[in-house]
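A.B. asks: Here you go, one structure.
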Amino acid sequence: MITASTYFINVGKGRRLWRVHEFSMAQRLLEAALKVAEQHNASRILSMELEIGGLTHLNDDQLRFSLKVLSEGTLAEGVEVTIRHLPVQVHCKRCDGLNSFQIGRLEELLTITCRKCGSRDVELEGEETCVLKSIKVKT
């Protein structure tokens with residue numbers, strides 16, 4: 001078994017972020033995984049580990065479904081997908097505090113306040129990337 005690691009897939013900055021859908025992200029992830037599998041003469045991709053930045057707003061269920069559909073008939077068919085979400089850092093402009101939040105739904109961004117002083121005058125800092133952190137293949 002071979003493990004390859006860390007393939008970054010940039011989601012984009014600002015407004016372009018909203019144009020990326022789970023299906024197109026799944027296509028890029030699958031292409032990267034298949035490329036690595038091919039380089040290692042793999043007969044099958046067993047698992048993929050993903051890290052999703054807190055500001056990407058990718059839906060886990062839709063991403064998994066897209067990967068399932070796209071991987072049919074490929075080395076990745078039936079692949080096990082593990083997803084880890086990276087936190088969003090929130091910088092408070094009032095007290096200069098830095099807080100870490102896990103964002104589950106987009107609406108949660110509207111209610112974030114500083115944990116130190118309660119201010120809503122905050123700035124979000126986080127990754128807009130989806131990383132294919134590792135894959136396991138059978139050779």
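A.B. asks: Would you please give the residues with an amide H less than 5 Å from that of ILE83, counting only those at least 5 places away or on a separate chain, with H modeled from the backbone geometry?
C.D. replies: LEU50
A.B. asks: Please give the net charge around ARG44, taking every other residue with its beta carbon less than 9 angstrom from that of ARG44, where Lys and Arg add +1 and Asp and Glu add -1.
C.D. replies: Neighbourhood net charge equals 0.
A.B. asks: Computed FRET efficiency, Cβ-Cβ of LEU98 and THR129, R0 25 Å: what is it to the nearest 0.05? Working shown, then result.
C.D. replies: Details: r = 20 Å, r/R0 = 0.81.
Approximately 0.80, to the nearest 0.05.
A.B. asks: In nm, what is the difference between 0.36 nm times the number of residues separating GLN62 and ARG28 and their Cα-Cα distance?
C.D. replies: Gain on stretching GLN62 to ARG28: 10.8 nm.
A.B. asks: A further question on this structure: So what are the ³J(HN,Hα) numbers for the range 115-125, from phi and the Karplus equation (6.51, -1.76, 1.60; θ = phi - 60°), rounded to whole Hz, Gly and Pro as x?
C.D. replies: 6, 7, 10, x, 5, 9, 7, 10, 10, 8, 10
A.B. asks: Mind listing the phi-derived Karplus ³J(HN,Hα) values for the range 41-53, rounded to whole Hz, using 6.51, -1.76 and 1.60 with θ = phi - 60°, and x for any glycine or proline?
C.D. replies: 6, 6, 9, 6, 9, 8, 8, 10, 10, 10, 10, 10, x
A.B. asks: Run the simple label-point estimate for LYS138 and GLU77 please: 7 Å along Cα→C-beta, distance reported in nm.
C.D. replies: 1.3 nm
A.B. asks: Mind ordering 43-52, 78-87 by average Cβ neighbours within 10 Å, highest first?
C.D. replies: So the order, starting with the most tightly packed, is 43-52, 78-87.
A.B. asks: Net charge near SER71: determine it from the other residues with C-beta under 12 Å of the C-beta of SER71, scoring Lys and Arg +1 and Asp and Glu -1. Walk me through the intermediate numbers first.
C.D. replies: Values: positive: ARG44, ARG64, LYS68; negative: GLU31, GLU72, GLU77, GLU80.
So the environment of SER71 carries a net charge of -1.
Here, each number is a calculation from the coordinates, and none is a lab measurement. This structure is a prediction, so every number in the text was calculated from the model and none was measured. Note: ideal-geometry Cβ built from the backbone for every residue, glycine included; neighbour counts use all protein chains shown.
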